[in-house]
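S.K.: Mind looking over this structure? Questions follow.
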Amino acid sequence: MKAAIYAEEARRLFVSEGFSLDAIVTMLGNKVARKTLFNWKIQGEWDAKRREYLSQTKDMYQEIAEIARLTIKEA
């Protein structure tokens, strides 16, 4: 059960927050080995998920910037 909690938190830190595996080991209080994180990363395809997350975030920021431009133009 604890492993699932650590795995999910580690995935979030890697994918959404952009932390390295070494930083995540420290953040989790050394309760999970770096090798274990590496295995979770490979099995869970974290690199692909990080790229997807970054792409979606970039698209969202571009949309927000466009809305801001249009709002300012109309003001």
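The values are calculated or read from the model by the stated rules, or taken from the named source; none is laboratory data. Note that this is a predicted model, so its numbers are computed, not measured. All Cβ positions, glycine included, derive from the backbone under ideal geometry; neighbour counts span all protein chains shown. Surface accessibility is based on the protein's heavy atoms, side chains included, excluding ligands, DNA and RNA. Shrake-Rupley method; radii C 1.70, N 1.55, O 1.52, S 1.80 Å.
S.K.: Percent relative contact order of the chain, based on C-alpha pairs within less than 8 angstrom and at least six residues apart?
M.R.: 28
S.K.: State the percentage of accessible surface on the chain attributable to carbon and sulfur atoms; use a 1.4 Å probe and exclude ligands, DNA and RNA.
M.R.: Result for the chain: 57 percent of the exposed heavy-atom area is carbon or sulfur.
S.K.: Right, something else. Could you give the angle, 0 to 90 degrees to the nearest 10, between helix 34-43's Cα long axis and the longest principal axis of the Cα atoms of the chain?
M.R.: Approximately 60 degrees, to the nearest ten.
S.K.: Loop only by DSSP, 14 or fewer other Cβ within 10 Å of the Cβ. Give me the GluC sites (Glu not before Pro) in the stretch 1-32 that pass, ordered by residue number.
M.R.: Those satisfying the criteria are 17.
S.K.: Averaged per residue, what accessible surface does the chain expose to a 1.4 Å probe, in Å²?
M.R.: 76
S.K.: Okay, moving on. In a GNM of the chain with a 10 Å cut-off on Cα contacts, which of 48, 65, 23 has the highest mean-square fluctuation?
M.R.: 65
S.K.: Using +1 at the Cβ of each Lys and Arg and -1 at the Cβ of each Asp and Glu in the chain, identify which of 15, 32, 65 lies farthest towards the dipole's positive end.
M.R.: 32
S.K.: While we're on this one: Taking Cα atoms, how many degrees apart are the long axis of helix 2-15 and the longest axis of the chain, rounded to 10 and kept between 0 and 90?
M.R.: Computed tilt is about 40 degrees.
S.K.: Work out the count of Lys pairs in the chain where the Cα-Cα distance is under 29 Å, with the pair 8 or more places apart or on different chains.
M.R.: Lysine pairs satisfying the spacing and distance rule in the chain number 11.
S.K.: While we're on this one: If the only charges are +1 at each Lys and Arg Cβ and -1 at each Asp and Glu Cβ, what is the size of the charge dipole of the chain around the Cα centre, to the nearest 20 debye?
M.R.: 360
S.K.: Counting only helical runs of four or more DSSP H residues, what would the 222 nm mean residue ellipticity of the chain come to if each run contributes -39,500 (n - 2.57) and the total is spread over all its residues?
M.R.: -26000 deg cm²/dmol, from helical runs alone.
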